Structure formats: structure tokens, C-alpha cells
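Accompanying notes for the structure given below.
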Amino acid sequence: MADFKVVGVIGAGQMGSGIAQLAAVSGSDVFLLDKDAGALHTAKASISNSIQRFVSKGQLSKEVGIKAVARVNYTSNLEDLRSADIVIEAIVESEDVKKKLFAELDKIVKASAILASNTSSISITRLATATKRPQQVIGMHFMNPPPVMKLVEIIRGADTSDETFNATKTLAERFGKTVVCSRDYSGFIVNRILMPMINEAFHALYTGVATKEDIDAGMKLGTNQPMGPLELADFIGLDVCLSILKVLHAGLGDSKYAPCPLLVQYVDAGRVGRKQGIGVYSYHKSAKQSAR
Ligand code: 3HC
């Protein structure tokens, strides 16, 4: 079984940098790749800050933290992933873009390497068709923020081998995560259940059942969730929520997954959540303000 000495991560956004951090802390040498040098720069600072938070809370020793920071290599050159035992991609949620990347990776990485996708809902079976190693293609879906959230959802494509599944599960456990295994159907487990809840919260707002604050407080305090569904949607990104709902709607063919018109309108208006500074709520000022 692979010992994952070298882990490649593609996409230096929040998810990719979090995954790179987990791999480095668990003892692997990491190559974090992004074509955007600015994204790599931001990722470097965020990995270092996040590790520092664990060190200052005594959850990680200073020595392990320093070594982990030093283990992450930042690159824009795909050839640097040649030595990787596994490559985990966390790039844009586009099937075409991911397939193109997998086809390129298939030619570059060693024959034994696993190709994993952090996709939130795109079919692993279809991504695997872009490669000549479908038995070594797997879904490894981290939750945001990856360093903090305790779950990794592992998705087996139609041809994923037992060996690939077992090795990937071992790696996720080495990252300190609990693993759940999903078959390859739209939305897998978490988003299949989470996104309809978020969509329903938008319907409640759209039809005037309650204010956004009361919808969030109701679910946060009434069902003991760390964030209300509208606040969580802003955190995930309204564009991401919309795209997952579209995948659920198309893949499962049930009108219950049709995105709420209000969610669609927010995205059309460019209010995509925290990353934009405005979504259901505004994040421009220090206090959380209404965006409507
Ligand atoms: N690195 C290290 N530590 C971090 C961190 C990071 N990136 N982000 C947060 N933390 C730590 C903080 O230091 C803090 O630790 P402490 O409690 O020991 O002081 C703790 O996490 C809580 O952080 P904050 O006090 O800054 O803020 P919150 O209390 O609001 O927690 C949160 C932030 C962890 C994001 C929490 O609000 C939460 O769990 N929200 C729900 C997140 C969620 O549901 N994610 C899954 C979304 S679905 C998904 O990702 C799937 C995708 O496909 C859509």
C-alpha cells in the first residue's frame, strides 16, 4: 500500500491550501500547485497562520508545526507532481476543466499514483474516463475549513479498486479525519442532504416566512448547528451552492432540487457570499449587516 511520502495538491484556494496543510502536518512532502502566483502567496500565509493557531492552542507542537510549514512546496509547474503518490485536485467545479486536468496528470504522474478529486458533486466515474487508470481515481471530499472539520467523504467511482479505496481511507485517517463512504451519485451524502436544507432556507426567506436573522437563529439554536443555513451558504459561496443544486437537479431529476429563484438572483447580482464581501449578509463592515 502507498505510504504517501509525496502528496500533490492542485488549486491553492481555501480547500486546496487546507488539504495541503493536513498532508504536511501528517508528515508528507507536499507540492501545492496553482497557476496563479498570487493564490500561492495567499495560501502560504494562510497555512502558516492556521498551523500557528493549532500550535498556540497546544494542539500541535511547535516543532511539528515548523516542520509542516517547511514541507509545503509552492509551484505552478505540473511537472513538479511527477513524484507524487497521490494528487488531490481542488480546482474550479467544472467537469470539463477537471477532465482536462486529469488527462494531463495521467500522463505526468507515476503509474502507481492515485488521482483524487475534492469535487463536491461531479461524477467520479465520469472524471475517471479522462484517464487510463480509472481504478486509481477516487473522490476525496473535504469539508470547509479542511483543517478544522472532522469529516472526509470518500467516493468510489464505478471502477475504483479496493486497493485505491483502502489507501485513500488510510490517508484521510492519517489526516485525523473520520471517513464516510458514498457511492457515486449526485451530491454524494453530505451535499445531497445539506443543499436541500440551504435551498429551503432561501425559500423561507423568498416567501417571507421570516427574516434571514430569524431563519438562521431558528436553525442554529433550534437544531444546534454552528451556523444558520443562510450564513453557512454565504460561507460556502452562493455560487457553489447554486452549482451543486443544479447538479442534484440534473442528476437526480427531481424538482425538489430546483434552485430557489432568490438564490439564483443573488448569484446573478454577484452577491456570492463572504468571499465577495456580500451575499445574504454584508461583510463589508465590522458588524454583520443586512444585504437587502
Ligand atoms: N485553521 C485553524 N483553526 C481554525 C480555522 C483554520 N482555518 N478556522 C477556524 N479555526 C478554529 C479557531 O481557531 C477556533 O478555535 P477555538 O474554538 O479553539 O478557539 C475554532 O476553529 C472556531 O473558529 P472561530 O472562533 O474563528 O469561528 P467560529 O466559532 O465561527 O467557527 C467554523 C468557524 C469552524 C467555520 C464554524 O462556524 C463551523 O463549523 N461552521 C460550519 C462549517 C461547515 O458546516 N462546513 C461544512 C460546509 S459543507 C462543505 O464544505 C461541503 C462543500 O462541498 C460545500
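Along the axis of the charge dipole computed for the stretch 26-107 (Cβ charges of +1 for Lys and Arg, -1 for Asp and Glu, origin at the Cα centre), the listed residues Ala68, Thr42, Ser28 are led at the positive end by Ala68. Short-range pairs are left out: with C-alpha atoms under 8 Å and at least six residues apart, the relative contact order of the chain is 13 percent. 3J(HN,Hα) along the stretch 29-35, derived from phi through the Karplus expression 6.51 cos²θ - 1.76 cosθ + 1.60 where θ = phi - 60°, amounts to 7, 10, 10, 9, 10, 8, 6 Hz, with x in place of Gly and Pro.
With all pairs of different C-alpha atoms in the average, the Kirkwood value for the hydrodynamic radius of the chain is 19.8 Å. Length gained on full extension, Lys150 to Ala217, computed as 0.36 nm times the residue gap minus the Cα-Cα distance: 21.8 nm. Distance from a point 7 Å along Cα→Cβ of Arg53 to each backbone N in the stretch 72-102: keep the residues under 15 Å and list them by number. Under 15 Å, as judged by backbone N against the label point of Arg53, lies no residue of the stretch 72-102. Simple rule: put +1 on each Lys or Arg Cβ and -1 on each Asp or Glu Cβ in the chain, find the dipole, and look at Gln135, Phe175, Gly273; the Cα lying farthest toward the positive end is Phe175.
With coordinates expressed along the principal axes, the C-alpha atoms belonging to the stretch 1-160 extend over 45, 31, 29 Å, beginning with the largest.
By how many degrees, 0 to 90 and rounded to 10, does the Cα axis of helix 62-71 deviate from the longest principal axis of the chain? With rounding to tens, the tilt is 80 degrees.
Across the stretch 128-137, coupling constants 3J(HN,Hα) worked out from phi with the 6.51/-1.76/1.60 Karplus curve, θ = phi - 60°, read 5, 5, 7, 10, 9, 10, x, 5, 10, 10 Hz, and Gly and Pro carry x.
Surface composition of the chain: carbon plus sulfur atoms contribute 54% of the solvent-accessible area (1.4 Å probe, protein chains only, all chains present). Relative to the longest principal axis of the Cα atoms of the chain, the long axis of helix 190-206 lies at roughly 20 degrees. Taking a point 7 Å out from the Cα of Val64 in the direction of its Cβ, the residues of the stretch 124-146 whose backbone N falls within less than 19 Å of it are 146. Electrostatic bookkeeping for Phe235 treats Lys and Arg as +1 and Asp and Glu as -1; over the other residues with beta carbon under 10 Å from its beta carbon, the sum is 0. For the chain, the longest principal axis of the C-alpha atoms and the axis of helix 14-25 are separated by about 40°. The residues of the stretch 150-292 expose on average 50 square angstrom of accessible surface per residue, using a 1.4 Å probe on protein heavy atoms. Given +1 at the Cβ of Lys and Arg, -1 at the Cβ of Asp and Glu and no other charges, the dipole of the chain around its Cα centre is 480 debye to the nearest 20.
Counting 0.36 nm for each residue step from Thr170 to Asp268 and taking away their Cα separation leaves a gain of 31.2 nm.
The values are calculated or read from the model by the stated rules, or taken from the named source; none is laboratory data. Model, not experiment: these values are computed from the prediction. Cβ sites come from the backbone with ideal geometry, for glycine too, and all protein chains shown count toward neighbours. Calculation scope for accessible area: heavy atoms of the full protein, side chains included, ligands and nucleic acids excluded. Shrake-Rupley method; radii C 1.70, N 1.55, O 1.52, S 1.80 Å.
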